[in-house]
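Shown next, in C-alpha coordinates, is the structure this report addresses.
The values are calculated or read from the model by the stated rules, or taken from the named source; none is laboratory data. Just so it is clear, the model here is predicted, and its values are computed rather than measured. Because the Cβ atoms are built from the backbone with ideal geometry, glycine has one as well, and the counts that use them run over all protein chains shown. When the accessible area is computed, the model is the full protein with side chains, heavy atoms only, and any ligands, DNA or RNA have been set aside. Shrake-Rupley method; radii C 1.70, N 1.55, O 1.52, S 1.80 Å.
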Amino acid sequence: MAERKENIVMFPFMAQGHIIPFLALAIHMQQRKNCTITFVNTPLNIKKLTSSLPPTSSIRLVEIPFCSSDHGLPPDTENTDAIPYHLVIRLLEASVSLRPSFKKLIQGLIEEQHGQRPLCIIADIFFGWTASVAKELNVFHAIFSGASGFGLACYYSLWMNLPHRKVINSDAFPLPDFPEASSIHITQLATNIREGDGADAWSIFQKENFSGWLKSDGILFNTVEELDDVGLLYFRRKIGRPAWPIGPVLLPMESRERVGKGGIEWLSTKPVNSVLFVSFGSMNTISASQMMNLAMGLEASGKNFIWVTGKEMRRKASQAMEMIKTAMKDEKGGKGSSVKAMDDFFSAALSMREKSEKEHCCEIQAERIW
(Lines give C-alpha, C1' and ligand atoms only; values in the text may rest on other atoms or scores of the structure.)
Protein backbone atom coordinates (compact mmCIF):
# COMPACT_ATOMS: atom_id res chain seq x y z
CA MET A 1 0.00 0.00 0.00
CA ALA A 2 1.39 3.40 -1.02
CA GLU A 3 2.42 5.72 1.81
CA ARG A 4 -0.10 8.46 2.47
CA LYS A 5 1.12 11.90 1.39
CA GLU A 6 0.32 14.64 3.84
CA ASN A 7 -1.35 17.78 2.51
CA ILE A 8 -0.27 21.24 3.63
CA VAL A 9 -2.49 24.26 2.97
CA MET A 10 -0.72 27.61 2.43
CA PHE A 11 -2.44 30.99 2.36
CA PRO A 12 -0.34 34.18 1.92
CA PHE A 13 -1.59 37.77 1.95
CA MET A 14 -2.19 39.26 -1.48
CA ALA A 15 1.17 41.02 -1.96
CA GLN A 16 4.24 39.95 -3.93
CA GLY A 17 6.47 40.36 -0.89
CA HIS A 18 4.32 37.74 0.86
CA ILE A 19 3.36 35.43 -2.02
CA ILE A 20 6.95 34.87 -3.24
CA PRO A 21 8.33 33.65 0.15
CA PHE A 22 5.28 31.40 0.52
CA LEU A 23 5.87 29.97 -2.95
CA ALA A 24 9.51 29.32 -2.04
CA LEU A 25 8.39 27.56 1.15
CA ALA A 26 5.85 25.50 -0.78
CA ILE A 27 8.47 24.27 -3.24
CA HIS A 28 10.94 23.67 -0.41
CA MET A 29 8.52 21.58 1.67
CA GLN A 30 7.28 19.64 -1.32
CA GLN A 31 10.83 18.65 -2.25
CA ARG A 32 12.19 18.05 1.27
CA LYS A 33 9.18 16.41 2.91
CA ASN A 34 7.47 14.74 -0.08
CA CYS A 35 4.10 16.26 0.77
CA THR A 36 1.37 17.79 -1.35
CA ILE A 37 0.76 21.52 -1.22
CA THR A 38 -2.56 23.30 -1.64
CA PHE A 39 -1.74 26.95 -2.35
CA VAL A 40 -4.69 29.27 -1.78
CA ASN A 41 -5.21 32.79 -3.07
CA THR A 42 -7.55 35.04 -4.97
CA PRO A 43 -8.20 34.37 -8.70
CA LEU A 44 -5.90 36.98 -10.27
CA ASN A 45 -2.98 36.03 -8.01
CA ILE A 46 -3.43 32.34 -8.81
CA LYS A 47 -3.28 33.12 -12.54
CA LYS A 48 0.00 35.00 -12.05
CA LEU A 49 1.44 32.16 -9.96
CA THR A 50 1.00 29.54 -12.65
CA SER A 51 3.99 30.80 -14.65
CA SER A 52 6.23 30.88 -11.55
CA LEU A 53 5.96 27.16 -10.77
CA PRO A 54 8.57 24.67 -11.99
CA PRO A 55 7.27 22.49 -14.87
CA THR A 56 7.48 19.40 -12.66
CA SER A 57 5.65 20.98 -9.73
CA SER A 58 2.54 19.29 -8.39
CA ILE A 59 1.57 22.22 -6.18
CA ARG A 60 -2.18 22.62 -6.37
CA LEU A 61 -3.31 26.20 -6.91
CA VAL A 62 -6.78 26.87 -5.53
CA GLU A 63 -8.79 30.05 -6.01
CA ILE A 64 -10.77 31.66 -3.22
CA PRO A 65 -13.47 34.10 -4.41
CA PHE A 66 -12.92 37.80 -3.80
CA CYS A 67 -14.60 40.90 -5.21
CA SER A 68 -12.60 44.03 -4.43
CA SER A 69 -15.36 46.45 -5.44
CA ASP A 70 -17.49 45.06 -2.59
CA HIS A 71 -14.98 46.63 -0.19
CA GLY A 72 -14.53 50.09 -1.66
CA LEU A 73 -11.52 49.09 -3.75
CA PRO A 74 -11.10 49.53 -7.52
CA PRO A 75 -12.34 46.57 -9.62
CA ASP A 76 -9.93 43.63 -9.95
CA THR A 77 -7.78 44.82 -7.05
CA GLU A 78 -6.32 41.63 -5.61
CA ASN A 79 -2.73 42.61 -4.91
CA THR A 80 -1.00 45.53 -3.25
CA ASP A 81 0.94 46.19 -6.47
CA ALA A 82 -2.32 47.46 -8.01
CA ILE A 83 -3.10 50.13 -5.40
CA PRO A 84 -1.44 53.13 -3.71
CA TYR A 85 -0.15 52.56 -0.21
CA HIS A 86 -3.01 54.38 1.55
CA LEU A 87 -5.42 51.71 0.23
CA VAL A 88 -3.41 48.76 1.55
CA ILE A 89 -5.23 48.90 4.88
CA ARG A 90 -8.52 48.59 3.01
CA LEU A 91 -7.28 45.44 1.28
CA LEU A 92 -6.18 44.06 4.66
CA GLU A 93 -9.57 44.79 6.18
CA ALA A 94 -11.27 43.21 3.16
CA SER A 95 -9.17 40.06 3.53
CA VAL A 96 -11.03 39.20 6.75
CA SER A 97 -14.13 38.66 4.60
CA LEU A 98 -12.38 35.60 3.13
CA ARG A 99 -12.93 33.67 6.35
CA PRO A 100 -16.22 31.91 5.42
CA SER A 101 -14.88 30.91 1.99
CA PHE A 102 -11.62 29.70 3.51
CA LYS A 103 -13.40 27.57 6.08
CA LYS A 104 -15.61 26.11 3.36
CA LEU A 105 -12.51 25.40 1.26
CA ILE A 106 -10.84 23.46 4.10
CA GLN A 107 -14.03 21.55 4.78
CA GLY A 108 -14.13 20.66 1.09
CA LEU A 109 -10.57 19.35 1.21
CA ILE A 110 -11.44 17.18 4.23
CA GLU A 111 -14.50 15.80 2.47
CA GLU A 112 -12.48 15.22 -0.71
CA GLN A 113 -9.99 13.14 1.30
CA HIS A 114 -12.76 11.08 2.95
CA GLY A 115 -12.39 12.74 6.33
CA GLN A 116 -8.60 13.09 6.37
CA ARG A 117 -7.67 16.57 7.50
CA PRO A 118 -4.73 18.52 6.06
CA LEU A 119 -1.58 18.04 8.11
CA CYS A 120 -1.50 21.79 8.74
CA ILE A 121 -2.51 25.24 7.59
CA ILE A 122 0.34 27.72 7.12
CA ALA A 123 -1.00 31.25 6.93
CA ASP A 124 0.28 34.79 6.54
CA ILE A 125 1.24 37.09 9.41
CA PHE A 126 -1.75 39.27 8.42
CA PHE A 127 -4.17 36.34 8.54
CA GLY A 128 -4.37 35.77 12.29
CA TRP A 129 -8.06 34.87 11.89
CA THR A 130 -7.10 31.62 10.12
CA ALA A 131 -5.90 30.18 13.45
CA SER A 132 -9.43 30.08 14.82
CA VAL A 133 -10.65 28.44 11.60
CA ALA A 134 -7.97 25.78 12.03
CA LYS A 135 -8.99 25.21 15.65
CA GLU A 136 -12.66 24.86 14.67
CA LEU A 137 -11.71 22.16 12.17
CA ASN A 138 -9.06 20.54 14.40
CA VAL A 139 -6.18 21.25 12.02
CA PHE A 140 -2.63 22.17 13.10
CA HIS A 141 -1.88 25.84 12.37
CA ALA A 142 1.28 27.88 11.89
CA ILE A 143 2.01 31.45 10.87
CA PHE A 144 4.83 31.98 8.36
CA SER A 145 6.94 35.12 8.28
CA GLY A 146 9.24 35.82 5.36
CA ALA A 147 10.90 38.44 7.58
CA SER A 148 13.39 37.96 10.39
CA GLY A 149 12.35 37.29 13.95
CA PHE A 150 14.00 40.48 15.20
CA GLY A 151 12.35 42.74 12.63
CA LEU A 152 8.93 41.20 13.18
CA ALA A 153 9.39 41.41 16.95
CA CYS A 154 9.93 45.17 16.68
CA TYR A 155 6.91 45.47 14.37
CA TYR A 156 4.72 43.40 16.70
CA SER A 157 5.80 45.32 19.80
CA LEU A 158 5.30 48.71 18.16
CA TRP A 159 1.72 47.92 17.16
CA MET A 160 0.77 46.20 20.39
CA ASN A 161 2.21 48.94 22.63
CA LEU A 162 2.37 52.14 20.52
CA PRO A 163 5.24 53.30 22.77
CA HIS A 164 5.90 56.47 20.77
CA ARG A 165 2.54 57.76 22.02
CA LYS A 166 3.65 57.44 25.64
CA VAL A 167 6.88 59.45 25.64
CA ILE A 168 7.11 63.16 26.36
CA ASN A 169 9.74 65.58 25.04
CA SER A 170 11.71 62.83 23.33
CA ASP A 171 11.93 61.38 19.84
CA ALA A 172 13.55 58.17 21.11
CA PHE A 173 11.88 55.46 23.14
CA PRO A 174 12.35 51.80 24.18
CA LEU A 175 10.04 48.92 23.39
CA PRO A 176 8.52 48.01 26.76
CA ASP A 177 8.37 44.26 26.16
CA PHE A 178 11.49 44.02 23.97
CA PRO A 179 14.39 45.73 25.78
CA GLU A 180 16.89 43.87 23.60
CA ALA A 181 15.90 46.17 20.74
CA SER A 182 17.43 49.12 22.58
CA SER A 183 16.13 52.58 21.64
CA ILE A 184 13.88 53.30 18.65
CA HIS A 185 13.80 56.76 17.06
CA ILE A 186 10.56 58.25 15.76
CA THR A 187 12.14 58.75 12.32
CA GLN A 188 12.60 54.98 12.02
CA LEU A 189 8.86 54.37 12.07
CA ALA A 190 6.76 53.82 8.97
CA THR A 191 4.12 56.51 8.50
CA ASN A 192 1.21 54.25 9.44
CA ILE A 193 2.88 53.27 12.74
CA ARG A 194 3.95 56.83 13.52
CA GLU A 195 0.37 58.04 13.00
CA GLY A 196 -1.16 55.10 14.87
CA ASP A 197 -3.05 56.09 18.01
CA GLY A 198 -5.01 52.96 18.86
CA ALA A 199 -8.21 54.19 17.23
CA ASP A 200 -7.05 54.38 13.61
CA ALA A 201 -7.75 51.68 11.03
CA TRP A 202 -4.24 50.17 11.11
CA SER A 203 -4.14 49.96 14.92
CA ILE A 204 -7.56 48.34 15.10
CA PHE A 205 -6.69 45.80 12.40
CA GLN A 206 -3.32 44.86 13.91
CA LYS A 207 -4.65 44.47 17.46
CA GLU A 208 -7.27 42.03 16.22
CA ASN A 209 -4.84 40.31 13.87
CA PHE A 210 -2.07 39.79 16.42
CA SER A 211 -4.57 38.58 19.00
CA GLY A 212 -5.41 35.78 16.58
CA TRP A 213 -1.80 34.58 16.72
CA LEU A 214 -2.40 33.33 20.26
CA LYS A 215 -4.59 30.57 18.84
CA SER A 216 -1.88 29.38 16.46
CA ASP A 217 0.37 26.41 17.21
CA GLY A 218 3.57 28.28 16.34
CA ILE A 219 5.42 30.56 13.94
CA LEU A 220 7.74 29.64 11.07
CA PHE A 221 10.48 32.16 10.25
CA ASN A 222 12.57 32.40 7.10
CA THR A 223 15.68 32.92 9.19
CA VAL A 224 18.35 30.97 11.05
CA GLU A 225 18.76 30.55 14.81
CA GLU A 226 22.43 31.53 14.77
CA LEU A 227 21.64 34.97 13.31
CA ASP A 228 18.26 35.67 14.87
CA ASP A 229 18.07 34.11 18.33
CA VAL A 230 17.04 37.38 20.03
CA GLY A 231 13.99 37.90 17.83
CA LEU A 232 12.98 34.24 18.03
CA LEU A 233 13.25 34.30 21.83
CA TYR A 234 10.91 37.31 21.94
CA PHE A 235 8.07 35.37 20.32
CA ARG A 236 8.72 32.21 22.33
CA ARG A 237 8.25 34.14 25.57
CA LYS A 238 5.63 36.61 24.30
CA ILE A 239 3.04 34.25 22.82
CA GLY A 240 4.21 31.02 24.43
CA ARG A 241 4.46 29.13 21.17
CA PRO A 242 7.34 27.52 19.25
CA ALA A 243 9.24 29.76 16.84
CA TRP A 244 10.82 27.56 14.15
CA PRO A 245 13.73 29.12 12.21
CA ILE A 246 13.61 27.15 8.93
CA GLY A 247 15.57 29.47 6.61
CA PRO A 248 17.03 30.37 4.36
CA VAL A 249 14.14 29.41 2.06
CA LEU A 250 14.58 30.77 -1.47
CA LEU A 251 12.90 30.19 -4.79
CA PRO A 252 14.72 27.56 -6.90
CA MET A 253 16.95 29.11 -9.54
CA GLU A 254 14.66 28.03 -12.38
CA SER A 255 11.72 29.88 -10.80
CA ARG A 256 13.83 33.00 -10.27
CA GLU A 257 14.95 32.86 -13.88
CA ARG A 258 11.35 32.81 -15.06
CA VAL A 259 10.57 35.81 -12.87
CA GLY A 260 13.56 37.95 -13.89
CA LYS A 261 15.41 36.35 -16.80
CA GLY A 262 16.76 39.62 -18.24
CA GLY A 263 18.40 40.69 -14.98
CA ILE A 264 20.11 37.34 -14.48
CA GLU A 265 21.51 37.37 -18.02
CA TRP A 266 22.93 40.86 -17.44
CA LEU A 267 24.43 39.85 -14.08
CA SER A 268 26.16 36.90 -15.73
CA THR A 269 28.22 39.31 -17.83
CA LYS A 270 29.62 41.10 -14.76
CA PRO A 271 32.54 40.14 -12.49
CA VAL A 272 31.78 38.53 -9.16
CA ASN A 273 30.95 41.00 -6.37
CA SER A 274 30.95 43.97 -8.76
CA VAL A 275 27.24 44.91 -8.83
CA LEU A 276 25.37 47.07 -6.32
CA PHE A 277 21.76 46.11 -5.61
CA VAL A 278 19.44 48.99 -4.70
CA SER A 279 15.89 48.49 -3.48
CA PHE A 280 13.45 49.94 -0.96
CA GLY A 281 11.06 47.01 -1.10
CA SER A 282 8.00 46.39 -3.21
CA MET A 283 5.77 48.93 -1.40
CA ASN A 284 8.08 51.69 -0.16
CA THR A 285 9.45 54.63 -2.05
CA ILE A 286 11.48 57.82 -1.65
CA SER A 287 10.82 61.38 -2.78
CA ALA A 288 11.64 62.56 -6.29
CA SER A 289 14.55 64.70 -5.03
CA GLN A 290 15.97 61.80 -2.99
CA MET A 291 15.64 59.53 -6.00
CA MET A 292 17.46 62.03 -8.22
CA ASN A 293 20.31 62.46 -5.73
CA LEU A 294 20.66 58.72 -5.28
CA ALA A 295 20.72 58.21 -9.03
CA MET A 296 23.42 60.87 -9.41
CA GLY A 297 25.48 59.27 -6.62
CA LEU A 298 25.20 55.80 -8.15
CA GLU A 299 26.16 57.12 -11.56
CA ALA A 300 29.13 59.03 -10.13
CA SER A 301 30.37 55.94 -8.31
CA GLY A 302 31.17 54.26 -11.61
CA LYS A 303 29.91 50.96 -10.22
CA ASN A 304 27.52 48.56 -11.92
CA PHE A 305 24.17 48.56 -10.16
CA ILE A 306 20.66 47.16 -10.34
CA TRP A 307 17.93 49.41 -9.00
CA VAL A 308 14.70 47.50 -8.45
CA THR A 309 11.43 49.32 -7.92
CA GLY A 310 7.72 48.63 -7.77
CA LYS A 311 6.35 45.59 -9.54
CA GLU A 312 9.79 44.42 -10.66
CA MET A 313 10.93 43.89 -7.09
CA ARG A 314 12.67 40.53 -6.84
CA ARG A 315 15.18 40.36 -4.07
CA LYS A 316 18.60 39.10 -5.07
CA ALA A 317 19.63 36.16 -2.91
CA SER A 318 22.51 37.12 -0.65
CA GLN A 319 25.65 35.00 -0.64
CA ALA A 320 25.68 32.11 1.76
CA MET A 321 27.33 33.05 5.05
CA GLU A 322 29.04 30.66 7.42
CA MET A 323 26.24 30.93 9.97
CA ILE A 324 23.67 30.09 7.29
CA LYS A 325 25.75 27.09 6.23
CA THR A 326 25.79 26.01 9.86
CA ALA A 327 22.01 26.26 9.91
CA MET A 328 21.83 23.70 7.12
CA LYS A 329 24.63 21.36 8.28
CA ASP A 330 26.55 21.14 11.52
CA GLU A 331 30.31 20.65 11.86
CA LYS A 332 29.94 16.86 11.56
CA GLY A 333 27.83 17.07 8.42
CA GLY A 334 24.61 16.33 10.29
CA LYS A 335 21.42 18.34 10.41
CA GLY A 336 21.85 22.02 11.19
CA SER A 337 19.47 24.17 13.23
CA SER A 338 17.17 25.12 10.33
CA VAL A 339 16.78 21.52 9.17
CA LYS A 340 16.09 20.43 12.75
CA ALA A 341 13.52 23.24 13.11
CA MET A 342 11.70 22.02 10.02
CA ASP A 343 11.72 18.48 11.41
CA ASP A 344 10.39 19.76 14.75
CA PHE A 345 7.58 21.59 13.00
CA PHE A 346 6.49 18.48 11.09
CA SER A 347 6.77 16.36 14.24
CA ALA A 348 4.47 18.77 16.10
CA ALA A 349 1.91 18.72 13.29
CA LEU A 350 2.03 14.92 13.02
CA SER A 351 1.72 14.57 16.80
CA MET A 352 -1.47 16.60 16.77
CA ARG A 353 -2.77 14.49 13.86
CA GLU A 354 -2.11 11.23 15.75
CA LYS A 355 -3.75 12.60 18.92
CA SER A 356 -6.84 13.67 16.97
CA GLU A 357 -7.14 10.28 15.26
CA LYS A 358 -6.86 8.43 18.58
CA GLU A 359 -9.52 10.65 20.14
CA HIS A 360 -11.77 10.05 17.14
CA CYS A 361 -11.33 6.27 17.45
CA CYS A 362 -12.18 6.42 21.17
CA GLU A 363 -15.34 8.40 20.41
CA ILE A 364 -16.43 5.80 17.83
CA GLN A 365 -15.79 2.94 20.29
CA ALA A 366 -17.74 4.74 23.04
CA GLU A 367 -20.69 5.21 20.68
CA ARG A 368 -20.66 1.48 19.84
CA ILE A 369 -20.67 0.54 23.53
CA TRP A 370 -23.64 2.76 24.20
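General remarks:
- Scanning the range 195-206 for residues that are assigned to a helix (DSSP H, G or I) and either surrounded by fewer than 14 Cβ atoms within 10 Å (Cβ to Cβ) or not assigned by the TED database to the domain that holds residue 239 (or both) yields a single hit, 201.
- In the range 105-118 there is no residue that is modelled with pLDDT of 95 or more and over 19 Å from residue 36 (Cα atoms).
- Residue 51 meets all of the listed conditions (1) touching a His at 6+ places or on another chain (Cβ under 7 Å); (2) open to solvent by 70 Å² or more (accessible area, probe 1.4 Å) but one, namely (1).
Every residue, every condition in (1) outside the structural domain of residue 242 (by the TED database); (2) among the hydroxyl-bearing types (Ser, Thr, Tyr); (3) open to solvent by 50 Å² or more (accessible area, probe 1.4 Å); (4) not in a helix (DSSP H, G or I), yes or no:
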residue	(1), (2), (3), (4)
89	no, no, no, no
96	no, no, yes, no
99	no, no, yes, no
106	no, no, no, no
141	no, no, no, yes
144	no, no, no, yes
158	no, no, no, no
164	no, no, no, no
169	no, no, yes, yes
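- Among residues of the range 221-239 that are closer than 17 Å to residue 128 by Cα and assigned by the TED database to the domain that holds residue 151, those with a Cβ under 8 angstrom from a residue that is among the acidic types (Asp, Glu) and open to solvent by less than 40 Å² (accessible area, probe 1.4 Å), sequence gap 6+ or separate chain, pair up as 221/228; 238/177.
- For residue 187, the criteria (1) outside any helix (DSSP H, G or I); (2) at pLDDT below 95 hold in every case but one, which is (1).
The rows are residues; the columns are (1) basic (Lys, Arg); (2) under 18 Å from the mean Cα position of the chain (by Cα); (3) crowded, with 22+ Cβ neighbours inside 10 Å.
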| position | (1), (2), (3) |
| --- | --- |
| 5 | yes, no, no |
| 13 | no, yes, no |
| 21 | no, yes, yes |
| 25 | no, yes, yes |
| 28 | no, yes, no |
| 61 | no, yes, no |
| 70 | no, no, no |
| 81 | no, yes, no |
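- Here residue 44 fulfils each of the conditions (1) in contact (Cβ under 8 Å) with a residue 40 or more places away in the chain; (2) in contact with an Asp or Glu (Cβ under 6 Å, 6 or more places away or on another chain); (3) within 19 Å of residue 17 (Cβ to Cβ) apart from (1).
- Hey, residue 131 under 17 Å from residue 18 (Cα atoms), open to solvent by less than 30 Å² (accessible area, probe 1.4 Å), outside any loop (DSSP other than H, G, I, E, B) and assigned by the TED database to the domain that holds residue 23 or not: no
- Residues in the range 1-24 that are of a type in the set (A, V, I, L, M, F, W, C) and over 16 Å from residue 50 (Cα atoms): 1, 2, 8, 9, 13.
- Residue match in the range 167-189 (condition: in contact with a Phe, Trp or Tyr (Cβ under 7 Å, 6 or more places away or on another chain) and closer than 26 Å to residue 11 by Cβ): no
- Near pairs, Cβ below 6 angstrom, 6+ apart or cross-chain, from the range 156-184 (more than 22 Å from residue 236 (Cα to Cα)) to any residue that is in a helix (DSSP H, G or I): 164/186; 171/186; 173/163; 173/164
- Counted residues, the range 110-158 - those being in contact with a Leu (Cβ under 9 Å, 6 or more places away or on another chain) and charged (D, E, K, R): 1
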